[in-house]
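Here the structure comes first, spelled out in structure tokens, and everything after it is commentary.
Just so it is clear, none of the values below were taken in a lab; they were calculated from the coordinates. All values derive from a computational prediction rather than experimental measurement. Heads up, the Cβs are rebuilt from the backbone with ideal geometry, glycines too, and the neighbour counts pull from every protein chain shown.
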């Protein structure tokens, strides 16, 4: 039986595509007037995607490799807003999703190859505390879910700001 955390991480790119597809294209850069209650970073829907791509490559790839290669490293917490600001405007949602999917495939290939001893390698995550490679997997999975929730929260705000944001055909195709 496959590890449930690894399975969740592997399935996330599909879930992300599906959740993002629920955002009307004209609202890709939607920013609500207030962010209270948002379960993820305060990024518009398109920047949610780019943030996930960046954190996968510049955050978790680095954290996993350092924890596997170094003795008890201290892993930097990344200021998501500074990282996003430093990147400026970038490409389309499709490009962000494709790049994220490729990055996540690299993550899965690495994690699936690890031994039980490697999964227990220790590190300290700045601002969080002691963590193992397996603990980092849990944090990454949690981060994934925060952003699916963030996209749904944004969809709710879009719905509240636009009387007809979602095409009726979208709902007509929803599974029963």
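Quick one: P(r) of segment 26-106 from all Cα-Cα pairs, 5 Å bins, percents rounded to integers, in order of increasing distance.
The calculated distribution, bin by bin, is 3, 14, 21, 22, 18, 12, 7, 3, 1, 0.
Which angle between 0 and 90 degrees, to the nearest 10, do you get for helix 45-54 versus the longest principal axis of the chain when only C-alpha atoms count?
For helix 45-54, the angle is close to 10 degrees.
Could you tell me what % of all Cα pairs in the chain have separations over 21 Å?
Result for the distance tail: 52 percent.
Show log10 I(q)/I(0) for segment 94-152 at q = 0.12, 0.27 Å⁻¹, two decimals, from a solvent-free Debye sum over equal Cα scatterers.
For segment 94-152, the Cα-only Debye profile gives -0.38, -1.14.
In deg cm²/dmol and to the nearest 500, what is the mean residue ellipticity at 222 nm of the chain if only DSSP H runs of at least 4 residues count, each as -39500 (n - 2.57), divided by the residue total?
Computed mean residue ellipticity for the chain: -18500 deg cm²/dmol.
Taking the alpha-carbon centroid of each part, what is the distance from segment 14-57 to segment 101-150 in angstrom?
Taking the Cα centre of segment 101-150 as reference, the centre of segment 14-57 is 21 Å away.
Among 135-146, 84-95, how do they line up from the highest to the lowest mean number of other beta-carbon atoms within 10 Å?
Packing proxy ranking, top to bottom: 135-146, 84-95.
Kindly rank 28-37, 71-80, 13-22, 52-61 from highest to lowest mean number of other beta carbons found within 10 Å of each residue.
So the peptides 28-37, 71-80, 13-22, 52-61, ranked by packing, come out 52-61, 13-22, 71-80, 28-37.
Rg and Dmax of segment 1-42, Cα atoms, in Å?
Spelled out, the Cα radius of gyration and Dmax of segment 1-42 are 14.5, 46 Å.
Give the relative contact order (percent, whole number) for the chain; include only Cα pairs under 8 Å separated by 6+ residues.
Over the chain, the number comes to 36 percent.
For a quick check, take a GNM of the chain with Cα springs below 10 Å and name the residue from 12, 128, 43 with the largest mean-square fluctuation.
Per the Cα network of the chain with a 10 Å cutoff, 128 tops the list.
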